[in-house]
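The structure appears below as structure tokens.
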């Protein structure tokens with residue numbers, strides 16, 4: 001896959017950069033190249049993402065699986081009526097109670113390849129899957145019952161100083177797992193998305209305000225998914241694992 005090749009290139013560059021005296025020399029090359037790769041991936045995604053999302057929606061309806069748009073894809077649906085211009089992938093929510101090995105088989109039948117499987121406690125406490133079709137990736141964030149006030153899903157970050165998930169696991173034994181709490185219920189409503197009829201949670205306004213702030217309809221170039229607030233909890237007693 002093209003994005004996997006780019007990932008390997010960045011991993012090699014990161015390892016070479018640790019050689020004494022090399023990092024400063026690589027800086028003028030590494031960061032412009034990384035930016036170039038992201039811009040190229042973004043252009044490809046905006047040209048091809050809608051078609052893959054339409055196929056994913058058809059596959060989910062064919063299997064009668066419950067899902068909604070999530071995170072940046074949901075934000076784009078509400079604010080832009082389509083993808084946000086800097087999007088790189090598709091985000092959706094599912095409830096972990098709906099996951100099964102048969103679900104993977106169903107998506108594979110429709111041409112979606114499992115790329116990454118991120119877990120906390122072997123999936124008992126957290127799960128995120130990445131599928132791909134035609135070099136477009138779809139991240140499925142699985143929702144779990146509340147530990148505190150709200151249901152949560154998990155995302156997974158590389159440890160500082162590592163460039164890829166593989167590197168993070170080799171050097172630190174795993175990934176940083178975070179719980180992202182959301183005031184979400186298992187209810188959904190259809191919405192128009194670039195001419196498609198897709199689903200978002202019925203209380204999307206509450207969720208988007210909770211995640212991005214009450215002014216989420218105004219683009220904020222400073223916002224980062226790595227941002228912390230009291231509802232994004234680094235799960236220090238847990239570690240994320242990765243299966244490919």
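Kirkwood hydrodynamic radius, computed over distinct alpha-carbon pairs, for the range 92-244: how many Å, to one decimal? Show your work: numbers first, answer last.
Working: mean 1/r = 0.0593 Å⁻¹.
After inverting the pairwise mean of 1/r, the radius is 16.9 Å.
Rounded to a whole number of µm²/s, how large is the Stokes-Einstein D of the range 51-112 at 10 °C and 1.306 mPa s, given Rh as the Kirkwood radius over C-alpha pairs? Don't jump to the answer; show the numbers that get you there.
On the way: Rh = 12.5 Å.
D, rounded to a whole number, is 127 µm²/s.
What's the FRET efficiency of residue 79 with residue 231 using the Cβ-Cβ distance as r and R₀ = 30 Å, to the nearest 0.05?
Numbers: r = 21 Å, r/R0 = 0.69.
Taking R0 as 30 Å, the efficiency between residue 79 and residue 231 is 0.90.
Using the basic label-point model (7 angstrom from Cα toward the beta carbon), what is the residue 187 to residue 86 distance in nanometres?
In this crude spin-label approximation the distance works out to 3.4 nm.
Quick check: pseudo-label points 7 Å beyond the Cα along Cα→Cβ at residue 105 and residue 42, how many nm apart are they?
So the label points at residue 105 and residue 42 sit 4.1 nm apart.
No lab work stands behind these numbers, since they all come straight from the coordinates. Given the structure is predicted, the values throughout are model-derived calculations rather than measurements. Don't worry about glycine lacking a Cβ; one is built from the backbone with ideal geometry, like all the others, and counts go over all protein chains shown.
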